[in-house]
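S.K.: Starting off with a structure, shown below.
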Amino acid sequence: MDITSPLSNQIPKKKNIATAILASLCLMPYLVNAASATEEPNNAAKHTKTMVYVGTYSGEGSTGGIYSYEMSDDGKKLTQIQHIDAPAQAGFQVVNQKNLKLYSVDERKNDGRGPVSSPAKVYSFSIDKNTGKLIPLNSMIAPGPNPTYLSIDAANNRLFTANHGGFEHIEKVVFKEGKWQSAYDYDDATVIMYKLKSSGELENIKDLVVLKGHGQDPNNSKQLAGHAQASSHAHSSVVSPDGKYLLVCNKGTDEILVYAIRDKLKLVNSFKFPDVSAPRHLVFTDNKRFYLDLELSNQVASMNFDPVNGKISLIDKVSAVPPTFDGYNEPAEIRLHPNHKYVYVNNRGSDDISWFGIQPNGKLEWKGSVPLAKSLHPGVAARSFALSPDAQNLIVADRPDNKLKIYSINANDGSLKRSSEVPLAQPAFISFALLN
């Protein structure tokens, strides 16, 4: 989840900063979820067009929505072909390459007794096979504030969301133990399994899990004065490569929860990190290993995964930032190069994209970084990034700079070199599709 008030290149007003901090400081394409092979463009050599879809946030003169671009063959140029206004808070997307469908969240909290504005939803679109334009199909409510992540099980027509909830609380006055005192209720964090129609439309909510528990409250993080883990926060929901499990990063309880995917989601295993670690996003390399970032402990980890029983064990943890950086940082997105030699993370604090070499045993080593625009705080920073289907380019949604920044990727050493940029207000998320 991310805050939704856009920035100009000027210093925001104090009230906007306060609103942003109270909203949320947590955040997070195509390669985001290596979990489902049907999502990945394995026919990159035969495609005629590479499409780039950029989700943006609305507010203060920005309409938000999704921008559609055609990418040039050399990856250095993006030509806009469409802009749609809804969803206005398009903070996360996933593409099903198999049937050319795109799904996007509308990352918001539902109104009170109104409603005045649209509720939190998931939207479905068809991608025109000739032009790449998005054709709206339908939308469906996403109970639980701020849907922040999507993954798809295309083989079984299922879509999953992680709904983060918020950091806000409601104070309830209660008479307890012979005296009046305050009790506090926090937003629910949820994981939702949607059934999809064969046409790609959302059909219904097949199952919904409300996450329980919390971490240290207060803790030593700088998120909301140390109250970042006062309740559960689902930040990602990733389908395992074999389609049997859903792995949920609960940032609020420092856990990865492993659910068996059946008609209902059944919790079969879990892994607990040290307090105030906050697992955020993960990406599989195969059915037996994945990598993830830890938001509050500022680390990148490699993990073993047992596809027989869903058990997880730790291989390695390293700092997410360059060795010369000394300050507060929260990693956000994580991506794996398809050669499985490098993993990339964008940092909010050190404000860079760092890449790490992967040794055969899964150990990680920081190799280099490229700078991004200076963040106001971790909630208003470069939101996300994605590798192009041919893995030759990387595009960053650099929100503070109001730009898409394109880098060429050197597959030999994992390094990035800036090649071009495209102005765009409040970019949040990037996904790709190939047209044949």
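S.K.: Under a point-charge model restricted to the Cβ atoms of Lys and Arg (+1) and Asp and Glu (-1), what is the dipole moment magnitude of the chain relative to its Cα centre, in debye to the nearest 20?
M.R.: With Lys and Arg at +1 and Asp and Glu at -1, about 320 debye.
S.K.: Picking from G132, N361, P371, whose Cα lies most toward the positive end of the charge dipole for the chain (charges on Cβ: Lys, Arg +1; Asp, Glu -1)?
M.R.: In the chain, that residue is G132.
S.K.: Rounded, prolate or oblate: which fits the chain when a ≥ b ≥ c are the square roots of the eigenvalues of the alpha-carbon gyration tensor, with rounded for a/c under 1.5 and prolate only if a/b beats b/c?
M.R.: Rounded shape, in that the Cα axes give a/c under 1.5.
S.K.: A follow-up question, please. Rounded to the nearest percent, how much of the accessible area of segment 63-109 (1.4 Å probe, protein heavy atoms only) is carbon and sulfur?
M.R.: Roughly 45 percent, rounded to a whole number.
S.K.: Take the solvent-accessible surface of the protein heavy atoms, probe 1.4 Å, and return the percent of it on segment 277-368 that carbon and sulfur atoms account for.
M.R.: Accessible surface attributable to carbon and sulfur in segment 277-368 totals 49 percent.
S.K.: Here's a follow-up. Can you tally the lysine pairs in segment 81-156 where the Cα-Cα distance is under 16 Å and the two residues are eight or more apart, or on different chains?
M.R.: Total qualifying Lys-Lys pairs in segment 81-156 comes to 4.
S.K.: If you don't mind, there's one more thing I want to ask. Given an 8 Å cut-off on Cα distances and at least 6 residues of separation, report the relative contact order of segment 341-436 as a percent.
M.R.: Across segment 341-436, relative contact order equals 21 percent.
S.K.: Moving on. Is there a quick way to get the dipole size of segment 274-395? I mean about its Cα centre, with the Cβ of Lys and Arg at +1 and of Asp and Glu at -1; what is the value in debye to the nearest 20? Let's see the in-between values first.
M.R.: On the way: 12 positive and 13 negative charges, 41 e Å.
Using only the charged Cβ atoms, the result is roughly 200 debye.
S.K.: Can you tell me the accessible area per residue over the chain, all protein chains present, probe 1.4 angstrom, in square angstrom?
M.R.: 39 Å²
S.K.: Over segment 98-174, what relative contact order in percent results from Cα pairs under 8 Å that are six or more residues apart?
M.R.: 26 percent
S.K.: Which pairs break 18 Å Cα to Cα here: K76/K403; K206/K266; K206/K264; K244/K317; K317/K363; K222/K272?
M.R.: Violating the 18 Å limit, Cα to Cα: K244/K317; K222/K272.
S.K.: Before rounding to the nearest 500, sum -39500 (n - 2.57) across all DSSP H runs of length at least 4 in the chain and divide by the residue total; then give [θ] at 222 nm in deg cm²/dmol.
M.R.: Computed mean residue ellipticity for the chain: -500 deg cm²/dmol.
S.K.: Turning to a different aspect of this structure: Which aspartates and glutamates, on any chain, are close to K341 with Cα under 12 Å apart, when same-chain ones fewer than 8 places away are left out?
M.R.: E365, D413
S.K.: Okay, moving on. Going by the alpha-carbon gyration tensor, a ≥ b ≥ c the square roots of its eigenvalues, is segment 122-173 rounded (a/c under 1.5) or, if a/c is not under 1.5, prolate (a/b greater than b/c) versus oblate?
M.R.: In terms of gyration-tensor shape, prolate.
S.K.: Probe radius 1.4 Å, ligands and nucleic acids left out: which of K76, K222 has the largest accessible area, and how do the rest follow?
M.R.: K222, K76
The values are calculated or read from the model by the stated rules, or taken from the named source; none is laboratory data. Keep in mind that what you see is a predicted model, and the values were worked out from it rather than measured. Counting neighbours? That spans all protein chains shown, and the Cβs are built from the backbone with ideal geometry, glycine included. Just the protein is used for accessible areas: all its heavy atoms, side chains included, with ligands, DNA and RNA removed. Shrake-Rupley method; radii C 1.70, N 1.55, O 1.52, S 1.80 Å.
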